[in-house]
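What follows is a single structure, written as C-alpha coordinates, with notes after it.
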Amino acid sequence: GAGVSQSPSNKVTEKGKDVELRCDPISGHTALYWYRQSLGQGLEFLIYFQGNSAPDKSGLPSDRFSAERTGGSVSTLTIQRTQQEDSAVYLCASSFKGSRRSEQFFGPGTRLTVL
Amino acid sequence: SQELEQSPQSLIVQEGKNLTINCTSSKTLYGLYWYKQKYGEGLIFLMMLQKGGEEKSHEKITAKLDEKKQQSSLHITASQPSHAGIYLCGADFTGTASKLTFGTGTRLQVTL
(Lines give C-alpha, C1' and ligand atoms only; values in the text may rest on other atoms or scores of the structure.)
Protein backbone atom coordinates (compact mmCIF):
# COMPACT_ATOMS: atom_id res chain seq x y z
CA GLY A 1 0.00 0.00 0.00
CA ALA A 2 0.98 3.63 -0.32
CA GLY A 3 0.48 4.61 3.31
CA VAL A 4 2.06 3.78 6.65
CA SER A 5 1.00 0.35 7.84
CA GLN A 6 1.11 -1.09 11.33
CA SER A 7 0.65 -4.56 12.72
CA PRO A 8 -1.08 -5.98 14.55
CA SER A 9 -4.09 -3.67 14.54
CA ASN A 10 -5.09 -4.99 17.95
CA LYS A 11 -3.08 -6.77 20.62
CA VAL A 12 -4.34 -8.13 23.91
CA THR A 13 -1.71 -9.41 26.29
CA GLU A 14 -1.33 -10.37 29.89
CA LYS A 15 0.55 -8.25 32.37
CA GLY A 16 4.21 -9.18 32.42
CA LYS A 17 4.39 -10.42 28.84
CA ASP A 18 6.54 -8.84 26.13
CA VAL A 19 4.99 -7.41 22.98
CA GLU A 20 6.35 -6.29 19.61
CA LEU A 21 4.63 -3.73 17.44
CA ARG A 22 5.60 -3.27 13.83
CA CYS A 23 5.59 -0.26 11.56
CA ASP A 24 6.11 -0.17 7.80
CA PRO A 25 6.69 3.44 6.73
CA ILE A 26 5.96 4.96 3.36
CA SER A 27 8.59 3.83 0.89
CA GLY A 28 11.41 6.34 0.64
CA HIS A 29 10.61 8.11 3.89
CA THR A 30 13.79 8.53 5.88
CA ALA A 31 12.27 9.65 9.16
CA LEU A 32 10.07 7.48 11.36
CA TYR A 33 8.28 8.36 14.58
CA TRP A 34 6.46 6.47 17.31
CA TYR A 35 3.72 8.08 19.37
CA ARG A 36 1.37 6.78 22.04
CA GLN A 37 -2.23 7.86 22.43
CA SER A 38 -4.05 7.17 25.66
CA LEU A 39 -7.17 8.57 27.28
CA GLY A 40 -5.42 10.28 30.11
CA GLN A 41 -2.37 11.60 28.29
CA GLY A 42 -3.42 12.40 24.77
CA LEU A 43 -0.91 11.87 21.98
CA GLU A 44 2.67 11.62 23.24
CA PHE A 45 5.94 11.41 21.34
CA LEU A 46 8.02 8.32 22.07
CA ILE A 47 10.98 8.11 19.69
CA TYR A 48 12.26 9.43 16.36
CA PHE A 49 14.44 7.65 13.80
CA GLN A 50 16.44 9.24 11.04
CA GLY A 51 17.56 6.32 8.95
CA ASN A 52 18.43 3.53 11.37
CA SER A 53 19.59 5.77 14.19
CA ALA A 54 17.44 7.30 16.90
CA PRO A 55 18.65 10.82 17.71
CA ASP A 56 15.69 11.43 20.00
CA LYS A 57 14.47 8.78 22.42
CA SER A 58 13.31 11.29 24.99
CA GLY A 59 9.71 10.14 24.99
CA LEU A 60 10.27 6.49 25.91
CA PRO A 61 8.60 6.20 29.32
CA SER A 62 10.88 3.58 30.84
CA ASP A 63 13.66 1.13 30.05
CA ARG A 64 10.99 -1.47 29.33
CA PHE A 65 10.43 0.32 26.04
CA SER A 66 12.83 -0.02 23.14
CA ALA A 67 12.68 0.41 19.40
CA GLU A 68 14.81 -0.39 16.44
CA ARG A 69 14.75 0.27 12.76
CA THR A 70 16.48 -1.81 10.14
CA GLY A 71 17.35 -1.12 6.53
CA GLY A 72 16.05 2.40 6.91
CA SER A 73 12.57 0.98 6.65
CA VAL A 74 10.64 -1.26 9.05
CA SER A 75 10.62 -0.40 12.72
CA THR A 76 9.71 -2.48 15.75
CA LEU A 77 8.63 -1.09 19.10
CA THR A 78 9.15 -3.59 21.91
CA ILE A 79 7.58 -3.36 25.33
CA GLN A 80 8.96 -5.75 27.91
CA ARG A 81 7.10 -6.91 31.02
CA THR A 82 3.98 -5.03 30.01
CA GLN A 83 1.99 -3.18 32.63
CA GLN A 84 -1.66 -2.12 32.58
CA GLU A 85 -0.65 1.51 32.18
CA ASP A 86 0.95 0.55 28.85
CA SER A 87 -2.54 0.08 27.39
CA ALA A 88 -2.91 2.64 24.63
CA VAL A 89 -2.96 3.09 20.87
CA TYR A 90 0.57 3.13 19.48
CA LEU A 91 0.87 5.23 16.35
CA CYS A 92 3.69 5.26 13.88
CA ALA A 93 4.39 8.06 11.42
CA SER A 94 6.93 8.68 8.70
CA SER A 95 8.14 11.65 6.74
CA PHE A 96 10.49 12.21 3.84
CA LYS A 97 13.03 13.78 6.13
CA GLY A 98 13.12 15.26 9.57
CA SER A 99 13.08 18.80 8.31
CA ARG A 100 10.87 21.71 9.20
CA ARG A 101 8.83 21.37 6.04
CA SER A 102 7.96 17.70 6.24
CA GLU A 103 4.57 16.68 7.46
CA GLN A 104 4.30 13.36 9.22
CA PHE A 105 2.04 10.71 7.72
CA PHE A 106 0.45 8.47 10.32
CA GLY A 107 -0.49 4.81 10.29
CA PRO A 108 -3.78 3.45 11.69
CA GLY A 109 -2.17 2.45 14.97
CA THR A 110 -1.95 -0.65 17.13
CA ARG A 111 -4.40 -0.83 20.01
CA LEU A 112 -2.64 -2.52 22.92
CA THR A 113 -4.64 -3.83 25.85
CA VAL A 114 -2.79 -5.21 28.86
CA LEU A 115 -4.97 -7.32 31.13
CA SER B 1 0.41 18.72 26.97
CA GLN B 2 0.30 21.88 29.05
CA GLU B 3 2.57 23.44 26.45
CA LEU B 4 -0.27 23.28 23.98
CA GLU B 5 -3.90 23.89 24.82
CA GLN B 6 -6.83 23.22 22.52
CA SER B 7 -10.32 24.56 22.86
CA PRO B 8 -13.06 23.64 22.96
CA GLN B 9 -12.66 20.02 24.04
CA SER B 10 -15.81 19.09 22.19
CA LEU B 11 -18.17 20.77 19.84
CA ILE B 12 -21.58 19.91 18.43
CA VAL B 13 -22.72 21.98 15.48
CA GLN B 14 -25.61 21.78 13.09
CA GLU B 15 -24.82 20.98 9.49
CA GLY B 16 -24.16 24.13 7.54
CA LYS B 17 -22.89 26.12 10.51
CA ASN B 18 -19.41 27.57 10.83
CA LEU B 19 -17.06 26.71 13.66
CA THR B 20 -13.63 27.56 15.01
CA ILE B 21 -11.14 25.48 16.98
CA ASN B 22 -8.26 27.14 18.78
CA CYS B 23 -4.77 25.98 19.66
CA THR B 24 -2.65 28.05 22.04
CA SER B 25 1.00 27.52 22.85
CA SER B 26 2.89 28.65 25.93
CA LYS B 27 5.93 29.40 23.77
CA THR B 28 6.83 30.34 20.22
CA LEU B 29 6.31 27.65 17.61
CA TYR B 30 8.55 26.76 14.72
CA GLY B 31 5.62 25.10 13.02
CA LEU B 32 2.02 24.18 13.68
CA TYR B 33 0.35 21.14 12.16
CA TRP B 34 -3.36 20.39 12.03
CA TYR B 35 -4.56 16.80 11.83
CA LYS B 36 -7.94 15.10 11.81
CA GLN B 37 -8.57 11.68 13.33
CA LYS B 38 -11.50 9.34 12.99
CA TYR B 39 -12.10 6.46 15.36
CA GLY B 40 -9.90 3.49 14.57
CA GLU B 41 -7.87 5.41 12.04
CA GLY B 42 -4.63 7.27 12.05
CA LEU B 43 -4.20 10.99 11.81
CA ILE B 44 -4.92 12.66 8.50
CA PHE B 45 -2.74 15.66 7.74
CA LEU B 46 -4.70 18.84 7.03
CA MET B 47 -2.34 21.80 7.00
CA MET B 48 0.99 23.10 8.22
CA LEU B 49 1.73 26.70 9.19
CA GLN B 50 5.18 28.14 9.76
CA LYS B 51 5.20 31.88 9.30
CA GLY B 52 3.63 34.44 11.60
CA GLY B 53 0.39 35.65 10.11
CA GLU B 54 0.22 32.75 7.70
CA GLU B 55 -3.15 31.52 6.51
CA LYS B 56 -3.94 28.42 4.46
CA SER B 57 -7.16 27.06 3.10
CA HIS B 58 -8.23 23.72 1.71
CA GLU B 59 -11.80 23.24 0.57
CA LYS B 60 -13.87 24.58 3.48
CA ILE B 61 -11.15 24.52 6.11
CA THR B 62 -8.96 27.53 6.88
CA ALA B 63 -6.07 27.58 9.33
CA LYS B 64 -4.29 30.65 10.63
CA LEU B 65 -1.19 31.26 12.71
CA ASP B 66 -0.93 34.53 14.61
CA GLU B 67 1.93 36.99 14.19
CA LYS B 68 3.57 35.93 17.44
CA LYS B 69 3.41 32.26 16.36
CA GLN B 70 1.79 31.17 19.59
CA GLN B 71 -1.81 30.74 18.57
CA SER B 72 -3.54 29.01 15.69
CA SER B 73 -7.15 28.65 14.72
CA LEU B 74 -8.92 26.20 12.45
CA HIS B 75 -12.11 27.43 10.90
CA ILE B 76 -14.63 25.25 9.09
CA THR B 77 -17.19 26.95 6.91
CA ALA B 78 -20.60 25.39 6.25
CA SER B 79 -19.85 22.22 8.20
CA GLN B 80 -20.83 18.83 6.82
CA PRO B 81 -21.17 15.39 8.47
CA SER B 82 -17.89 14.43 6.79
CA HIS B 83 -16.13 17.02 8.96
CA ALA B 84 -16.92 15.06 12.12
CA GLY B 85 -13.95 13.66 13.99
CA ILE B 86 -11.21 14.68 16.36
CA TYR B 87 -9.06 17.62 15.38
CA LEU B 88 -5.55 17.76 16.77
CA CYS B 89 -2.98 20.49 16.61
CA GLY B 90 0.68 19.51 16.77
CA ALA B 91 3.51 21.90 17.54
CA ASP B 92 7.10 21.78 16.45
CA PHE B 93 9.06 23.32 19.29
CA THR B 94 12.44 22.05 18.11
CA GLY B 95 12.73 23.64 14.69
CA THR B 96 13.49 20.29 13.10
CA ALA B 97 10.00 18.74 13.11
CA SER B 98 11.69 15.69 14.63
CA LYS B 99 8.89 15.39 17.13
CA LEU B 100 5.55 17.03 17.54
CA THR B 101 3.83 18.01 20.76
CA PHE B 102 0.09 17.56 20.41
CA GLY B 103 -2.86 19.26 21.99
CA THR B 104 -5.58 17.25 23.69
CA GLY B 105 -7.86 17.39 20.68
CA THR B 106 -11.30 18.74 19.85
CA ARG B 107 -14.09 16.28 19.21
CA LEU B 108 -16.44 17.62 16.55
CA GLN B 109 -19.92 16.28 15.92
CA VAL B 110 -22.04 17.59 13.08
CA THR B 111 -25.76 17.05 13.40
CA LEU B 112 -28.24 16.96 10.55
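When chain A is described by a simple charge dipole with +1 on each Lys and Arg Cβ and -1 on each Asp and Glu Cβ, the residue from A:Gly3, A:Ser53, A:Gln37 located farthest towards its positive end is A:Gly3. Residues B:Thr104, A:Thr82, A:Thr76, B:Thr77, sorted by accessible area with the largest first, give B:Thr104, B:Thr77, A:Thr76, A:Thr82 [1.4 Å probe; ligands and nucleic acids excluded]. Beta-bridge orientation, chain B: approximately 90 percent antiparallel, per DSSP, counting only bridges with both partners inside.
In a fully extended conformation the segment linking B:Glu55 and B:Lys27 would gain 8.1 nm over its present Cα-Cα distance, using 0.36 nm per residue. Surface exposure of chain B, expressed per residue as accessible area with a 1.4 Å probe, stands at 48 Å². The largest-to-smallest principal axis extents of the Cα set in chain A are 39, 29, 27 Å.
Using R0 = 41 Å, the C-beta based FRET efficiency linking B:Val13 and A:Thr78 works out to 0.45.
Report the antiparallel proportion of the DSSP beta bridges in the protein assembly as shown as a percent, rounded to a multiple of 5. If I count the DSSP bridges inside the protein assembly as shown, around 90 percent turn out antiparallel.
When you restrict to C-alpha pairs under 8 Å that are six or more residues apart and normalise by the size of the range A:1-48, the relative contact order lands at 30 percent. Report, in whole Å, the centroid distance computed from the Cα atoms of the range A:1-34 and the range B:2-25. Cα centroid of the range A:1-34 versus Cα centroid of the range B:2-25: 30 Å apart. When the surface is traced with a 1.4 Å probe over the full set of protein chains, B:Ile86 keeps roughly 40 Å² accessible.
Cross-link partners of A:Lys57 among lysines, defined as those whose alpha carbon lies under 25 angstrom from its own and excluding same-chain residues fewer than eight positions apart: A:Lys11, A:Lys15, A:Lys17, A:Lys97, B:Lys27, B:Lys99.
Once the other residues with Cβ under 11 Å from the Cβ of B:Ser82 are scored (Lys, Arg +1; Asp, Glu -1), what is the net sum? Here the charged neighbours net out to +1. Rolling a 1.4 Å probe over the protein heavy atoms of the protein assembly as shown, with every protein chain left in place, gives an accessible area that is 47 percent carbon and sulfur.
Using equal-weight Cα scatterers in the Debye expression, the normalised intensity of the protein assembly as shown in log10 at q = 0.11, 0.16 Å⁻¹ is -0.54, -1.10. Buried accessible surface for the A/B chain pair comes to about 1800 Å², total over both chains, computed with a 1.4 Å probe. With the whole protein complex present, B:Glu55 retains an accessible surface near 110 Å², based on a 1.4 Å probe.
The values are calculated or read from the model by the stated rules, or taken from the named source; none is laboratory data. Because the structure is a prediction, the values reported are computed rather than measured. Glycine also receives a Cβ, built like all others from the backbone with ideal geometry; neighbour counts cover every protein chain displayed. Protein only, heavy atoms only, side chains kept; ligands, DNA and RNA dropped before computing areas. Shrake-Rupley method; radii C 1.70, N 1.55, O 1.52, S 1.80 Å.
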